[in-house]
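Trainee: Okay, here's the structure, questions in a sec.
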Amino acid sequence: MRVGTRGSRLALAQTGTVIQKIRALGIEAEQKIISTQGDEITGVPLHAIGKQGVFVRALDDAILSGEIDCAVHSMKDIPAIRPSGLVTSAILPRDSPADYLAFSGPVSAVTVIGTSSTRRRAQLLRHDRDLEVKDLRGNVDTRIRKLNEGRYNAIVLAEAGLSRLGIRIPGERLPPEKFVPTPNQGTVAVVSRADPSLMELLSALDHPETRRDVAIERAVMEQVGAGCFTPMGIYCRGGHLIAEVLSLDGKRTERIEKNIGTLDEARVQGNALRARAGDLIADAYHTLGISL
């Protein structure tokens, strides 16, 4: 089985885990690195490159062309609208969904924080309006290097990524109930061709509880339809959903918190959040110079 991946250290670590699981099923597997638009363009914020999927499209194309059989993704990078002929064949057990604020010294000394995420920026400013939040792109190693060079007092990283890379760094976990993560954060997915035999093999890696929670998150995300440009957090654990949309400056939040039993219920809540936060979504697109 040819398993596609991005070339970052984190992507390779995640893919290595998947390949080990595939080989444990008695199936030969090898990785193939595919370069994506998100990897090639690093000098600008993510929202300036294009719509969702900048880390995904090249891998999708490689599957559809037959170059690879499947691809490993951080599930949060997978856009809502997917090409025909592709399926998410496996979702691994979720690691920590939380963000991690990396810094050294007293937290009271943190005044300049690096992140490229509009969601993280808005949530940080909601927490403390006096913070300066500066753009930060690059892989995990690059971001940590820039922190150590003193360009920022702190940076925000996904806790799951640090764990998968075996990185221990001073800082603190940001509680996901307050700093609501991006949909599907902490989750690794395997996307393949819609080939029944391939899907059956990969289904052995699937974790049903994680699949249910992330499906609820994606159902809400799809109904809100805010894209990656709007500050939006969606997190579900055991059917308990928290979802919020923020203004870019963090001064206003529309939030829902409900126990969800079905995807239809999730869609209802997504539509409700969209109705309440429509002006925040429009303002984000307008401020960033992006057409809805």
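The values are calculated or read from the model by the stated rules, or taken from the named source; none is laboratory data. Since we're looking at a predicted model, the values are computed, not measured. We place every Cβ from the backbone using ideal geometry, glycine too, and count neighbours over all the protein chains shown.
Trainee: Checking the structure you have, find out if any residue of region 62-74 is surrounded by fewer than 18 Cβ atoms within 10 Å (Cβ to Cβ), farther than 19 Å from residue 284 by Cβ, of a type in the set (A, V, I, L, M) and touching a Pro at 6+ places or on another chain (Cβ under 8 Å).
Mentor: yes
Trainee: Further, regarding this structure: Report the residue count in region 121-158 for those that are of a type in the set (Lys, Arg) and in contact (Cβ under 8 Å) with a residue 60 or more places away in the chain. Steps first, please.
Mentor: Pass one, region 121-158, residues of a type in the set (Lys, Arg): 121, 126, 129, 134, 137, 143, 145-146, 151.
If we keep only those that are in contact (Cβ under 8 Å) with a residue 60 or more places away in the chain as well, we get 121, 126, 129, 137.
Matching residues across region 121-158 total 4.
Trainee: I'd like to know if region 116-123 contains one or more residues that are assigned to a helix (DSSP H, G or I), touching a Gly at 6+ places or on another chain (Cβ under 7 Å) and at pLDDT below 95.
Mentor: Keep residues of region 116-123 that are assigned to a helix (DSSP H, G or I), which gives 118-123.
Now restrict to residues that are touching a Gly at 6+ places or on another chain (Cβ under 7 Å): 119, 122-123.
Retained after the next criterion (residues that are at pLDDT below 95): none.
There is no residue in region 116-123 that is assigned to a helix (DSSP H, G or I), touching a Gly at 6+ places or on another chain (Cβ under 7 Å) and at pLDDT below 95.
Trainee: Check region 124-132 and report whether any residue there is within 16 Å of residue 253 (Cβ to Cβ) and buried (at least 22 other Cβ atoms within 10 Å of the Cβ). Please lay out each step first, then the result.
Mentor: Going through region 124-132, the residues within 16 Å of residue 253 (Cβ to Cβ) turn out to be 124-129.
This time we only want the ones that are buried (at least 22 other Cβ atoms within 10 Å of the Cβ), so: 124.
Yes, that holds for at least one residue.
Trainee: Right, next: Of all residues in region 216-239, which are of a type outside the set (Val, Ile, Thr) and within 14 Å of residue 181 (Cα to Cα)?
Mentor: Filtering region 216-239 for residues of a type outside the set (Val, Ile, Thr) gives 217-219, 221-223, 225-229, 231-233, 235-239.
Correct list: 217, 218, 221, 228, 231, 232, 233, 235, 236, 237.
Trainee: From 224, 220, 180, 191, grab the single residue that is within 28 Å of residue 65 (Cβ to Cβ), among the β-branched types (Val, Ile, Thr) and either out of contact with any strand residue (DSSP E or B) (no Cβ under 6 Å at 6 or more places or on another chain) or crowded, with 20+ Cβ neighbours inside 10 Å (or both). Talk me through it step by step, then tell me what you get.
Mentor: On the way: 224 fails: within 28 Å of residue 65 (Cβ to Cβ); 220 fails: within 28 Å of residue 65 (Cβ to Cβ); 180 fails: within 28 Å of residue 65 (Cβ to Cβ).
Result: 191 is the single residue among 224, 220, 180, 191 that is within 28 Å of residue 65 (Cβ to Cβ), among the β-branched types (Val, Ile, Thr) and either out of contact with any strand residue (DSSP E or B) (no Cβ under 6 Å at 6 or more places or on another chain) or crowded, with 20+ Cβ neighbours inside 10 Å (or both).
Trainee: Restricting to region 141-167, and then to whatever is part of a helix (DSSP H, G or I) and touching a Lys or Arg at 6+ places or on another chain (Cβ under 7 Å), can you tell me which residue is surrounded by the most Cβ atoms within 10 Å (Cβ to Cβ)? Let's see the steps before the verdict.
Mentor: Within region 141-167, the first condition is being part of a helix (DSSP H, G or I), and the residues that meet it are 141-148, 159-165.
Subsequent filtering for residues that are touching a Lys or Arg at 6+ places or on another chain (Cβ under 7 Å) retains 141, 159, 165.
Working: 141: 13, 159: 22, 165: 18.
So, considering only residues that are part of a helix (DSSP H, G or I) and touching a Lys or Arg at 6+ places or on another chain (Cβ under 7 Å), the one surrounded by the most Cβ atoms within 10 Å (Cβ to Cβ) is 159.
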